[in-house]
Amino acid sequence: LGCTDSSAFNYNYTANTDDGSCIAVVLGCTDTTAFNYNYTANTDDGSCIALVLGCTDTSAFNYDASANIDDGSCIAVILGCTDITAFNYDSLSNTDDGSCIAVVLGCIDITAFNYDYTANTDDGSCIAVVLGCTDITALNYDSLANTDDGSCIAVVFGCTDTSAFNYNASANTDDGSCTYPVLT
């Protein structure tokens, strides 16, 4: 006695009388560790897919296209500048959004003599403003000044001796031209 249907799952080639115990073949994956295990299958059809753990969220930073079981490791995308050499680097970002700004070194103190409006990172080169006369031809030229304060006094040559015949009240630099009255 046994199943005499050769297409049945439990066909018994030694049986010569069918006892009604034949079970239909159900194709599928019979590997209990496979991703697509089919508990109703009784005949493996070679379709088993291995379990691959990983992040299955396509919008996650660490999405794994080969994963078929989510393991809870998904990390949200955080947009920002990820270039550590950039002026606006964001250490919390994991996805670059194209917002990185290159570092431009220079003096960023707007009160400094050499302020650089294009700079975004101070390089220690700032020079304090020193007011004074910067015209080297002026009477009161100040070699330490780097910013002219409008105080320059023009050189006016002439005789500066008040007892001289040709005294020039406008002169501030004696040119050696003084003449004196001759007493006879």
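Keeping to segment 141-158, report how many residues are under 30 Å from D116 (Cβ atoms) and in a loop (DSSP other than H, G, I, E, B). Reasoning before the result, please.
The initial filter retains those residues of segment 141-158 that are under 30 Å from D116 (Cβ atoms), namely 141-152.
After this cut, where a residue has to be in a loop (DSSP other than H, G, I, E, B) as well, the list is 141-146, 149-152.
Total meeting the criteria: 10.
Filtering segment 172-184 to residues that are surrounded by 13 or more Cβ atoms within 10 Å (Cβ to Cβ) and over 30 Å from V130 (Cα atoms) leaves D175, S177, C178.
Can you pull out the residues in segment 109-120 that are open to solvent by less than 80 Å² (accessible area, probe 1.4 Å) and β-branched (V, I, T)?
Residues of segment 109-120 that are open to solvent by less than 80 Å² (accessible area, probe 1.4 Å), as a first pass: 109, 112, 114, 116, 118-120.
T118, the sole residue that qualifies.
When segment 23-35 is limited to residues that are in contact with a strand residue (DSSP E or B) (Cβ under 8 Å, 6 or more places away or on another chain) and assigned to a loop (DSSP other than H, G, I, E, B), the one that is modelled with the lowest pLDDT turns out to be F35. Using the structure shown, decide if T4 is hydroxyl-bearing (S, T, Y) and in contact with a Gly (Cβ under 9 Å, 6 or more places away or on another chain). Answer is no for this residue. The one condition from (1) among the hydrophobic types (A, V, I, L, M, F, W, C); (2) farther than 30 Å from D31 by Cβ; (3) at pLDDT 95 or above that F87 does not meet is (3).
If the condition is being open to solvent by less than 60 Å² (accessible area, probe 1.4 Å) and either hydrophobic (A, V, I, L, M, F, W, C) or closer than 30 Å to F87 by Cα (or both), then segment 121-138 contributes T121, S125, C126, V130, C133, A138.
Condition (residue is surrounded by 15 or more Cβ atoms within 10 Å (Cβ to Cβ) and not in a loop (DSSP other than H, G, I, E, B)) applied to segment 159-166: is it met by at least one residue? No, segment 159-166 contains no residue that is surrounded by 15 or more Cβ atoms within 10 Å (Cβ to Cβ) and not in a loop (DSSP other than H, G, I, E, B).
Here is a check on your reading of the model: is A169 open to solvent by 50 Å² or more (accessible area, probe 1.4 Å), among the small types (G, A, S) and within 30 Å of V77 (Cβ to Cβ)? Taking the combined requirement at face value, the residue does not satisfy it. If the condition is being of a type outside the set (A, V, I, L, M), in a loop (DSSP other than H, G, I, E, B), loosely packed, with under 15 Cβ neighbours inside 10 Å and touching a Leu at 6+ places or on another chain (Cβ under 7 Å), then segment 69-108 contributes D71, D97.
Could you check, for segment 44-55, whether at least one of its residues is part of a loop (DSSP other than H, G, I, E, B) and over 30 Å from V25 (Cβ atoms)? So that I can check it myself, show each step before the final result.
Kept after step one, since they are part of a loop (DSSP other than H, G, I, E, B), are these residues of segment 44-55: 45-52, 55.
Filter once more, so that each one left must be over 30 Å from V25 (Cβ atoms): 55.
Yes, because at least one residue in segment 44-55 is part of a loop (DSSP other than H, G, I, E, B) and over 30 Å from V25 (Cβ atoms).
Scanning segment 25-63 for residues that are over 30 Å from A76 (Cβ atoms), open to solvent by 70 Å² or more (accessible area, probe 1.4 Å) and either in contact (Cβ under 8 Å) with a residue 60 or more places away in the chain or not charged (D, E, K, R) (or both) yields L27, T32, T33, Y37, Y39, T40. So, I153, is that one open to solvent by 70 Å² or more (accessible area, probe 1.4 Å) and farther than 30 Å from N172 by Cα or not? Taking the combined requirement at face value, the residue does not satisfy it.
The values are calculated or read from the model by the stated rules, or taken from the named source; none is laboratory data. Computed from a prediction, not measured in an experiment: that's the story for all the values here. Reconstructed Cβ throughout: ideal geometry from the backbone, glycine too, with neighbour counts over all protein chains shown. Just the protein is used for accessible areas: all its heavy atoms, side chains included, with ligands, DNA and RNA removed. Shrake-Rupley method; radii C 1.70, N 1.55, O 1.52, S 1.80 Å.
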